[in-house]
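Novice: The structure follows.
Read the figures in this text as sums done on the coordinates, not as results from a lab. Since the model is a prediction, treat every value here as computed from it, not as a measurement. As a convention, Cβ positions derive from the backbone with ideal geometry for all residues, glycine included, and neighbour counts pool all protein chains shown.
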Amino acid sequence: MKKAMLCLAVFGLVGSLLAADQMGTWKLNIAKSKLPPNMANLKETIMVFREIDANTMEGSATQTTQDGKTTTGKWTTPKSGGIQTYLEGALPKGLSSIAAVIDPDTIYQIYLQDGKQVGLMRIDFGKDGKTFTITGKGTDAQGKPVEYLRLFEKQ
């Protein structure tokens, strides 16, 4: 489950209904983020969103740790919300995710492990188009609650 929560934290962002100014490259501001203990070794996270067609967007995330190890994930998502398709950096067996679009700037990401909800993220894009935040809750490998806040800045 620890690996699952790390995957959720790193690759879990959905880009449903992203506006044109939300497409592009985003970098995690570690100093302004509250990361869970399993991400204490994080050096950098870069996310890139691009439109594939009128109904689909693609996201990718690259995470680098202090010791130089890199992890990459890539996914596609229907812009109106729904089930994500993971292309690289697949989630652990039995873990899936669904996006619920509230409005163009607010998206909830629900994570299910074998059909049971194990995590929830709220993604909020700033009205200025320069930042977005991910607020997440879930459980760790021992079943204890985990919370985090990640702030990304447009590059």
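Novice: Cα-Cα over 18 Å: which of 34/127; 27/79; 27/74; 27/154; 43/69?
Specialist: Cα-Cα > 18 Å for 34/127; 27/79; rest within.
Novice: Moving on. Going by amide H atoms built from the backbone, whose H comes under 5 Å of the H on residue 102, apart from near neighbours?
Specialist: 107, 108
Novice: I would also like to ask the following. Quick one: which residues, 5+ away or cross-chain, put their amide H under 5 Å from the amide H of residue 79? H built at 1.01 Å from N.
Specialist: Those lying under 5 Å, H to H, from residue 79 are 17, 56, 57.
Novice: Output wanted: per-residue J couplings in Hz (rounded whole) for the stretch 126-131, from phi through Karplus 6.51 cos²θ - 1.76 cosθ + 1.60, θ = phi - 60°, x for Gly and Pro.
Specialist: Karplus-based 3J(HN,Hα) across the stretch 126-131 equals x, 4, 7, x, 9, 9 Hz.
Novice: Work out how much length residue 153 to residue 72 would gain on full extension: take 0.36 nm times their residue separation and subtract the Cα-Cα distance, in nm to one decimal.
Specialist: 27.3 nm
Novice: Would you mind working out the magnitude of the charge dipole of the stretch 24-83 relative to its Cα centre, with +1 at each Lys and Arg C-beta and -1 at each Asp and Glu C-beta, to the nearest 20 Debye?
Specialist: For the stretch 24-83, the charge dipole is close to 220 debye.
Novice: With each pseudo-label sitting 7 Å past Cα toward Cβ, what's the residue 130-residue 88 distance in nm, one decimal?
Specialist: So the label points at residue 130 and residue 88 sit 3.1 nm apart.
Novice: Using unit Cβ charges (K, R positive; D, E negative) and no other charged atoms, how large, in debye to the nearest 20, is the dipole of the stretch 42-128 about its Cα centre?
Specialist: Here the stretch 42-128 has a charge dipole of around 260 debye.
Novice: In nanometres, what is the gap between the two model label sites at residue 21 and residue 41, each 7 Å from Cα along Cα-to-Cβ?
Specialist: That separation, rounded to one decimal, is 3.9 nm.
Novice: When only DSSP loop residues count, what trypsin sites (Lys or Arg not before Pro) in the stretch 87-155 have their Cβ near at most 16 other Cβ atoms within 10 Å?
Specialist: 93, 127, 130
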